[in-house]
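Take a look at the structure set out below.
The values are calculated or read from the model by the stated rules, or taken from the named source; none is laboratory data. Bear in mind that the values here come from a model prediction, so they are computed numbers and not experimental data. Note that each Cβ is placed from the backbone with ideal geometry, even for glycine, and that neighbours are counted across all protein chains shown. These accessible areas exclude ligands, DNA and RNA; they are computed on the full protein's heavy atoms, side chains included. Shrake-Rupley method; radii C 1.70, N 1.55, O 1.52, S 1.80 Å.
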Amino acid sequence: MINKSEVLLCTISITLGVILTILFLDLSNSGPQSMDWFNSYDLKSDYLAFKFFYMDKWRFPLGLNPNYGEISNSIVFSGAVPILSFICKLFKNFLPNDFHFFSIWITLCFSLQFLFAYKIINYLTKDNLYSYISAIFFLLSSVLIYRLNFHLSLAAHWLILASIYLDLNKYQKNLLLKKIFLISLSSLIHFYFTIMLILMNIFFSFFNNKLRFSFNFLRENILIFLTLIFTMYIVGYFHIPATDALGFGYGYYKSNLLSLIDPSTSLNETSWSIIVPDIYNSRGEKEGFAYLGIGIILLIIFLTIKTFKNLKEIQLNYKYITLSLFFLMLAFSNNLNLGSFDIIKLNLPNILYAPLSIIRASGRLIWPVYYFIIIFTIYAFYKIKLKNSLLILIVLLFVQIFDYSASINKNFITKKNLNNYEHNDQIWN
């Protein structure tokens, strides 16, 4: 039997995804053959990685892309969204040579972001209208839109939301299979999401098994790891030596203690707030950008004041608090900064720096914390049962949009500053 509410949700999600993609790229650049909007080094690099892989023959492991670069590697080590690269290569005989999927990917990211945000809030509140309004906060996520400008594969924040939804709705059918699929899928999008989802699942299953290493805990995580390792082997993660996966960056590409209230992604870039002043941070800390927006910040302040007046109403979820603290510890790294002030600077021994260098841009690990805060702030506001809670939430949404207005204008309204170059170089052929 067709679930009409699910059909409506999917229809709204896809429609919003298409509209935002057209606004983000401009209508003339939204097609799967336009590439004039690739106006950053990262976008051009990912496009070329895909094209070399797309035009090559099939190899094993399946992701091998030996013609791209001087060192033979795999498509998984680029930002070319491996799962879509595989699908396109599979059907390349039916697609034009200048085809690419990047505009389609942007639509998917917007649509799935809205869909899973709605599912999370609706599961917690059982209020459809409240959930639709709440999901718009996630659709206009500063960390999502910021990434879409140059790291398209890192825009799959819906993977984080999907993992949270699976944990909240833990009594659904085939839960373990869904977890295995989601984590394996993340490795076919970007390995940073795989790291986040593995850590999240370990914490979730440990707490759900009453803080003990039970048979269910071990069975679940062993099955997930075996499937993940097999998937990674098939697509070419282990084609290069493990030592080549290590690199500089841990302790530099990190978060700042003020990242959640700092509206600037890095020095000399457009601020995400017309209300909150820029807070100085180092250029490496743009990886930890996670500005919540003044609408969410005001909601947090309101809830903090209210709960201090009614301490008995405070219900702490230690699972999410513990996981957030762990992610923050990794995101802040061994060099802790409060704005421009150095709080702690530690030199890590090589035995620790080597494994941590796999997550060299550790500032990205603040993303799950960012979404935890928004989810449970919106849910806590619903729980206090104010008479006009929906109206207040709508007002705060408009405050959020007003706060983001400069960046919204830059990303969705102002015509893109495109590279109007002619592709005369032989490499494009």
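Put Lys383, Lys89, Lys4 in order of accessible area, largest first, 1.4 Å probe: what do you get?
Descending accessible area places them as Lys4, Lys383, Lys89.
Explain nothing, just the number: dipole magnitude of segment 66-179 about its Cα centre with +1 on each Lys and Arg Cβ and -1 on each Asp and Glu Cβ, in debye rounded to the nearest 20.
Values: 9 positive and 4 negative charges, 88 e Å.
It comes to approximately 420 debye.
By how many nm would the segment from Ser389 to Ile343 lengthen if fully extended, with 0.36 nm per residue of separation less the alpha-carbon distance?
Full extension of this stretch gives 12.6 nm more.
Only Cα pairs within less than 10 Å get springs; with that Gaussian network setup on the chain, which residue of Gly363, Gly293, Gly249 has the largest fluctuation?
Gly249
Give me the accessible area of Asp127, 1.4 Å probe, in Å² rounded to the nearest 10.
The accessible area of Asp127 comes to roughly 50 Å².
Determine the calculated [θ] at 222 nm for the chain from helices alone, applying -39500 (n - 2.57) to every DSSP H run no shorter than 4 residues and normalising by the residue count; nearest 500 deg cm²/dmol.
Using -39500 (n - 2.57) per qualifying helix, the result is -17000 deg cm²/dmol.
Counting only protein heavy atoms and a 1.4 Å probe, tell me what percentage of the chain's accessible area is made up of carbon and sulfur.
Answer for the chain is 66 percent, counting heavy atoms of protein chains only.
Taking a probe of 1.4 angstrom, what is the accessible area of Tyr123 in Å², to the nearest 10?
Tyr123 has an accessible surface of roughly 70 Å² with all protein chains in place.
If I model a spin label as a point 7 Å beyond the Cα along the Cα-Cβ vector, how far apart are those points for Asp42 and Glu6 in nm?
According to this spin-label approximation, the distance is 3.5 nm.
Which FRET efficiency value, to the nearest 0.05, is calculated for Thr15 and Thr307 with the Förster distance at 22 angstrom and r the Cβ-Cβ distance?
0.05
Per residue, what accessible area does the chain have, given a 1.4 Å probe and all protein chains present, in Å²?
Result: 48 Å² per residue.
Taking springs between alpha-carbon atoms closer than 10 angstrom, which of Leu352, Leu292, Leu218 fluctuates most in the Gaussian network model of the chain?
Leu352
How large is the accessible surface of Leu325 in square angstrom, using a 1.4 angstrom probe and rounding to the nearest 10?
110
Hey, rough spin-label estimate for Asn409 and Asn350, points 7 angstrom out along Cα→Cβ, what's it come to in nanometres?
5.3
Between Ser28 and Lys178, how many nm apart are label points set 7 Å from Cα along the C-beta direction?
Taking the two extended label points, one gets 4.4 nm.
Among Leu166, Ile104, Leu140, whose Cα lies farthest out toward the positive end of the dipole of the chain, if unit charges sit on the beta carbon of Lys, Arg (+1) and Asp, Glu (-1)?
Leu166
How long is the gain from Ile401 to Phe230 if the chain were fully straight, where each residue apart is worth 0.36 nm and the alpha carbon distance is subtracted?
Result for the pair: 57.2 nm of gain on full extension.
As a quick test, which of the pairs Lys306/Lys387; Lys319/Lys345; Lys51/Lys410; Lys170/Lys319; Lys179/Lys210; Lys210/Lys254 have an alpha carbon distance above 23 angstrom in this structure? Mind dumping the intermediate values first?
Values: Lys306/Lys387 15 Å; Lys319/Lys345 29 Å; Lys51/Lys410 29 Å; Lys170/Lys319 14 Å; Lys179/Lys210 19 Å; Lys210/Lys254 32 Å.
Over 23 Å apart, Cα to Cα: Lys319/Lys345; Lys51/Lys410; Lys210/Lys254.
How would Lys306, Lys57, Lys410, Lys254 rank on accessible area, largest to smallest, probe 1.4 Å? Could the numbers behind the result be given before it?
On the way: Lys306 55, Lys57 130, Lys410 110, Lys254 5 Å².
So, going from the largest accessible area down, we get Lys57, Lys410, Lys306, Lys254.
Only one of the listed values, (1) 21.8, 70; (2) 23.5, 73; (3) 22.6, 77, was derived from the coordinates as Rg and Dmax of the Cα atoms in Å; which label is it?
This structure yields the entry labelled (1).
In the neighborhood of Leu112, defined by Cβ-to-Cβ distances under 15 Å, what is the net charge if each Lys or Arg adds +1 and each Asp or Glu adds -1?
Summing Lys/Arg as +1 and Asp/Glu as -1 gives +2.
Using a simple charge model, +1 on the beta-carbon of Lys and Arg, -1 on the beta-carbon of Asp and Glu, nothing else, what dipole does the chain show about its Cα centre, in debye to the nearest 20? Before the final figure, lay out the partial values.
Details: 33 positive and 22 negative charges, 323 e Å.
The calculation lands at about 1560 debye.
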